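What follows draws every value from the coordinates through simple rules; no lab data is involved. These numbers come from a predicted model, not from an experiment.
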Amino acid sequence: MYNSGVVGKVFDIRERSFKFGIRIVKLVMSLPKNSAGFALGSQIVRSGTSVGANIEEGQNSGTRKEFVHSLTISLKEARETEYWLKIIVESGLIKSERLTGLIEENIEIIKILTTIVKNAKLKIE
């Protein structure tokens, strides 16, 4: 198992991304039961739960390069999730006040993943 050299952050991000995925699933269950709610729900549940799934996949990497690849995908999924959260808020499907904590956690996950990926890439070169 490869990590960025910051063991605490790797384990922290695993737990945080898991809890984030659960929050995303609960968000999707609260979306309106109409075509917009179903479409956006499908997109955000895929990207939001994929963040943690790719982190877990990275933990079983055989090489640092595989680890970086998996966590880079996780970072991309987190950024896509940020996009869908913005669409949900701006379209008025859910009030922004209800999603503030989830949006803030998504931003924190992006920051942590960015740091882990950057540090791990430095160790490849």
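Taking every Cα-Cα distance in the range 40-109 and sorting them into 5 Å bins starting at zero, the pair-distance distribution P(r) comes out as 3, 18, 24, 21, 14, 9, 6, 3, 1 percent.
Computed from backbone phi with θ = phi - 60° and the Karplus coefficients 6.51, -1.76 and 1.60, the 3J(HN,Hα) list for the range 69-79 is 4, 5, 6, 5, 5, 4, 4, 4, 5, 5, 5 Hz; x is used for glycine and proline. Note on the chain: Rg/Rh from C-alpha atoms, Kirkwood Rh, equals 1.03. Partners of residue 26 within straight-line reach, counting lysines whose Cα lies under 18 Å from its Cα and excluding those fewer than 8 residues away in the same chain: 86, 95.
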